[in-house]
Structure formats: C-alpha cells, structure tokens
1. Given the conditions (1) open to solvent by 50 Å² or more (accessible area, probe 1.4 Å); (2) modelled with pLDDT of 95 or more, which single one is not true for Val119?
2. Name every residue in segment 82-124 that is assigned to a loop (DSSP other than H, G, I, E, B) and touching a helix residue (DSSP H, G or I) at 6+ places or on another chain (Cβ under 8 Å), in order of residue number.
3. Within segment 57-79, how many residues are more than 18 Å from Leu153 (Cβ to Cβ) and hydroxyl-bearing (Ser, Thr, Tyr)?
4. Could you check how many residues of segment 87-116 are crowded, with 21+ Cβ neighbours inside 10 Å and among the small types (Gly, Ala, Ser)?
5. Check every one of the helices (runs of 4 or more DSSP H) wholly within segment 1-77 and list those with 2 or more residues that are modelled with pLDDT of 95 or more and surrounded by 14 or more Cβ atoms within 10 Å (Cβ to Cβ).
Amino acid sequence: MYQAMLLVYLERVIGLSSFGIGLVLSGMGCGALLGALLATGAVRHLGPGPVIWLAPLATCPPTALMPLARPGWSVTVAALGLAALSLGGVVRVVAQTSVQQTLTPDRLLGRMNATARFVSSGGIPLGGLLGGTSGTLFGPTATLWIGATGMTLSALPNLLTRPRRP
C-alpha cells in the first residue's frame with residue numbers, strides 16, 4: 001500500500017523527477033544491502049527472537065517522515081527513513097528465516113519455505129490495490145500516513161508473543 005502510493009506522492013506532491021524518484025528508491029536498496037551486512041551480527045548479539053520484533057519496531061516508524069516531507073531537504077531525511085525500513089526488513093527476514101529453518105524438520109523445509117513465501121508475498125497485489133484505492137479516496141499523503149501507521153502497528157503481534165530461541 002505504502003510503496004504503491006510512494007511513487008505518486010514523490011511525483012505529484014513533492015515534485016521529483018524520475019531521476020529524483022530513482023535516487024529515493026536506490027536509497028532503499030542501499031538500506032537493504034546494509035541490512036544484509038548487519039543481519040548476522042544483530043542475530044549473534046541479540047538473538048533471533050528479539051531481532052524479529054525489534055527490527056520492525058525500530059525501522060517502521062521512520063516511514064512517517066515521508067508524508068511529513070516537503071520539497072527540499074526534508075525529502076532527503078524522509079528517504080533515510082525509507083532506507084531504515086529496508087534495512088530493518090532485511091534484518092528481520094534473515095532472523096525469521098533462520099528461526100523457521102531451524103525449527104522445521106528437514107523433510108518439511110520445502111513446504112515451509114513455499115508457504116512462508118506465499119503468505120508474505122501473497123498480500124503484495126492486495127496492498128497495491130488498497131494503496132491505489134486509498135490514494136483515490138484520501139489522496140497520496142493520507143495514504144502514506146495510513147501505510148506508515150499500519151507498518152508500525154504490524155510489530156505489535158510480535159511484541160505480544162514470546163518468540164522461541166532455536
């Protein structure tokens with residue numbers, strides 16, 4: 001939902017060119033790369049359970065910086081928030097996948113991985129549809145607020161459970 005409306009927001013509200021939008025999105029890629037480099041150390045120092053709930057809790061709230069951005073320097077700060085989101089997402093996925101693979105018997109790894117991918121990726125088209133619908137009804141800025149709130153609240157179920165340590 002957030003990313004579907006992000007492109008519209010960056011072009012229509014912020015007024016970025018396609019090059020500027022590409023820079024913002026490449027910053028997200030850099031955040032993901034940094035997350036891949038930091039994931040093993042984070043899991044080693046904190047354990048996979050805490051990383052699974054701490055990564056989104058720490059890196060989803062900065063997505064609220066984007067709907068606060070206005071043309072100018074604040075877009076750079078907001079783009080850093082998106083890079084943080086990507087960093088946290090990769091760190092969480094590495095920790096979560098490690099736990100899943102550790103707890104799943106070898107004979108069921110294929111099924112578990114297929115199911116996890118289906119569940120995690122299956123909502124992407126629905127999110128795009130919701131983002132477009134919300135953008136039409138409420139506008140790009142409100143849709144980014146809704147998406148940022150939803151991403152941040154998505155950390156709550158992990159806070160309310162007790163993750164196992166492999």
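1. (2) is the only condition that Val119 fails.
2. Initially, segment 82-124 is screened for residues assigned to a loop (DSSP other than H, G, I, E, B), giving 104-105, 123.
Within segment 82-124, Thr104 is the sole residue that qualifies.
3. So the answer is 2.
4. The qualifying residues number 2.
5. Once the helices (runs of 4 or more DSSP H) in segment 1-77 are filtered for at least 2 residues that are modelled with pLDDT of 95 or more and surrounded by 14 or more Cβ atoms within 10 Å (Cβ to Cβ), what remains is 2-8, 18-46, 65-68.
The values are calculated or read from the model by the stated rules, or taken from the named source; none is laboratory data. The shown structure was predicted, so the numbers you read here are calculated from the model rather than taken from an experiment. Note that we place each Cβ from the backbone using ideal geometry, even for glycine, and neighbour counts take in every protein chain shown. For the accessible areas, the whole protein counts, side chains as well, though only heavy atoms, and no ligand, DNA or RNA atoms are used. Shrake-Rupley method; radii C 1.70, N 1.55, O 1.52, S 1.80 Å.
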